[in-house]
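Let me begin by presenting the structure, written as structure tokens, before commenting on it.
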Amino acid sequence: MITSPPKRGMALVVVLVLLAVMMLVTITLSGRMQQQLGRTRSQQEYQQALWYSASAESLALSALSLSLKNEKRVHLAQPWASGPRFFPLPQGQIAVTLRDAQACFNLNALAQPTTASRPLAVQQLIALISRLDVPAYRAELIAESL
């Protein structure tokens, strides 16, 4: 009977293949863990930003209500209109600026042709464009094209 030579290196090859497979699984799991940690960090920062914006809104409302408590009319000489207010945070600061939006032009009023406010909105837009040194005929053309 002829015997085959012993296969000495086969056990070592099997162990090395198993080790390589285990390392691949470990690397994949580690990468997925890093992705999950990044997602969690991003969600936490998003939630923190929501809370910061809610806090800024609350501060703005309290400043406006305090101004209205002392005076009946809202005007730009009140403390809320004095400029940005800065609030320190652990990694920076928040700047809260309140602006009077009463004098802003509402472009949405031009998008509704059936309402009675459209002619007034067109007249206001023509007046605003004319203030920019645009000729009157061109201002009317722009307003009517909208």
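What follows is calculated from the coordinates using simple rules that are stated; it is not laboratory data. If you're wondering where the values come from, they're calculated on a predicted model, not measured in any experiment. Heads up, the Cβs are rebuilt from the backbone with ideal geometry, glycines too, and the neighbour counts pull from every protein chain shown.
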Calculate the spin-label point distance for ALA136 paired with THR26, positioning each point 7 Å from the Cα along the beta-carbon direction, and give it in nanometres.
8.4
Give the long-range amide H neighbours of ILE94: residues separated by 5 or more places, or on another chain, with amide H under 5 Å away, using H modelled in the peptide plane at 1.01 Å from N.
PHE87, LEU89
With the 8 Å Cα cutoff and a minimum separation of six or more residues, the chain has a relative contact order in percent of 10
Segment 135-146 - phi-based ³J(HN,Hα) in whole Hz, Karplus 6.51/-1.76/1.60, Gly and Pro as x:
x, 4, 5, 6, 4, 5, 5, 5, 5, 6, 6, 7
Residue-wise, which Karplus ³J(HN,Hα) couplings in Hz belong to segment 76-88, taking 6.51 cos²θ - 1.76 cosθ + 1.60, θ = phi - 60°, and x for glycine or proline?
7, 8, 6, x, 5, 9, 6, x, x, 10, 10, 10, x
Arrange ILE142, ILE129, ILE2 by Cβ neighbour counts within 10 Å, fewest through most, would you?
ILE2, ILE142, ILE129
